[in-house]
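Here the structure is laid out as C-alpha cells; the discussion comes afterwards.
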Amino acid sequence: MRYGLFLSAFTSEPRKPLAVAGRAAAAGYDAVFVYDHLFPPGGPDRPSVEPYTLLAAAAAANPGLGVGVLVSRAGYRPLGIMTKETSSLAHLSGGATILGLGLGDRFGRAEHEMAGLPFPPIEERTVLLEETALATRALLSGGSWEGGRMTPAISGPLLPPATAAVWIGGTSERVVRAAARSAEAWNGWGMRTEEFIHRAAQLADLAREAGRDPAEVPPTWAGIVLLGRDGSELASLEEQRAASGGSLDIWRGTLDDIRRLRDRVTEAGATWMVPLAAGPADRLDLIAETLRS
C-alpha cells in the first residue's frame, strides 16, 4: 500500500498548500494530490490555485515526493497540453506521478460554462473519458494517438516520454467500467467502505470482461478523513466540525477504525490510500503514523 495526501488548493495563498506538501514529505507520504477545479464546487466567487502549477512547485521543493492530479475532467484541458504537463511533472518529481481523469458532474458543468467549454451529454463524455485515458497513456510512452470518436489524432511524440500512471476516478458503475477498459487504476472518492469494496470487485470482473488482468487496473481509495485518537476525541472533533458548518458525510473514526479501513481496502486489492486530513493540523502526521503502523 502507498499513501498520498490531498492538498487543499481552495485558497488565494499558494504558499499554504506548498507548506503542507513539505510536511507531507517529512511525514513519509508517497505523494501529494490536488483537485483540478476552476473554482471550489458551488463557489464561483471563491479562489482556487491552478493544480499543475502547484504540484510543479511542490515537486521542485520536495525531490522524490510523488505528485498527482485527482481528477482532471476529460475535455477540460487540451489533450496534448495535459499530457505534456503530466510528463513535466513526472520529470520534476522523480517520484510517483499520477494523472487522474474524471467524467464530470453538475459542478463540472458550471466550470465548463464559465470557461466557455462544451459539456457534452454523459454518453459522449464517457467515450471522451476512455479515449482520453488511452490517448494519454500512448502519448506519455512516447507514442502517438490515432484519434477517436471524441478526440483528435496526435502524431506525437511529446518528448521526453515519462513514467506516469493514468487513473480514472468516480463512483458510478459507468466510471468503473471505463477504468476497467482504459486506465491503469480506478479511484473511488468518498465512498462508504462496503460500497468501495463492491465497486472494487466489480472492477475486477469488468477488467476480465475487457480481456485484462485485474492486477493491471487496481482500485485506489480516497476521501476526507476525520481521525480521533479515541471515541471521546472523535466526538469532540465531530462537534467542532458541525459547529463550523462542515459536512459530517465523510469518513470518521478512531485509530483502530482507520487501521481496519486500511486492512479492508487492502484485502479488496487497493494499492493507494489518499486521505484529505480534516480537523487539527496535526492530523496529517497522525494519519501517516497510524496507517504505517
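Under a Gaussian network description of the chain, with springs only between Cα atoms under 10 Å, the residue in Gly279, Gly66, Gly170 that fluctuates furthest is Gly279. Close amide H contacts of Ala185 (hydrogens built in the peptide plane, cut-off under 5 Å, sequence separation of 5 or more or a different chain): Ile168.
Measure nothing fancy, just the Cα-based angle from helix 173-182's long axis to the longest principal axis of the chain, in degrees from 0 to 90, nearest 10. It is inclined by approximately 60 degrees. When both bridge partners sit in the chain, DSSP labels roughly 5% of those beta bridges antiparallel.
Surface composition of region 218-293: carbon plus sulfur atoms hold 47% of the accessible area, using a 1.4 angstrom probe and ignoring ligands, DNA and RNA.
Averaged over residues, the count of other Cβ atoms within 10 Å places the peptides 110-117, 37-44 in the sequence 37-44, 110-117, highest first. Sequence-distant contacts, meaning Cα pairs under 8 Å at least 6 residues apart, place the relative contact order of region 66-156 at 28 percent.
Remark on Gly66: its backbone amide H falls under 5 Å from those of Ala31, Val32, Ala96, a criterion applied only to residues 5 or more positions apart or on other chains, H modelled at 1.01 Å from N.
Given the DSSP H assignment, sum -39500 (n - 2.57) over each helix run of at least 4 residues in the chain and divide by its residue total; what's the result at 222 nm in deg cm²/dmol, nearest 500? Value at 222 nm, helices only, nearest 500: -14000 deg cm²/dmol. Using Cα centres only, tell me the gap between region 72-122 and region 1-38 in whole Å. Rounded to whole Å, the Cα centres lie 18 Å apart.
Find the accessible area per residue for region 1-146; the probe is 1.4 Å, ligands and nucleic acids are left out, and the unit is Å².
On a per-residue basis, 40 Å².
Any chance you could give the angle, 0 to 90 degrees and rounded to 10, that helix 79-93 forms with the longest Cα principal axis of the chain? The two axes meet at around 50 degrees.
When a 1.4 Å probe is rolled over the protein heavy atoms, the share of accessible surface on region 58-196 that falls to carbon and sulfur comes to 55 percent.
The values are calculated or read from the model by the stated rules, or taken from the named source; none is laboratory data. Worth saying up front: this structure is predicted, and the values here are computed from it rather than measured. Here Cβ is always computed from backbone atoms with ideal geometry, including for glycine, and neighbour counts include all displayed protein chains. Calculation scope for accessible area: heavy atoms of the full protein, side chains included, ligands and nucleic acids excluded. Shrake-Rupley method; radii C 1.70, N 1.55, O 1.52, S 1.80 Å.
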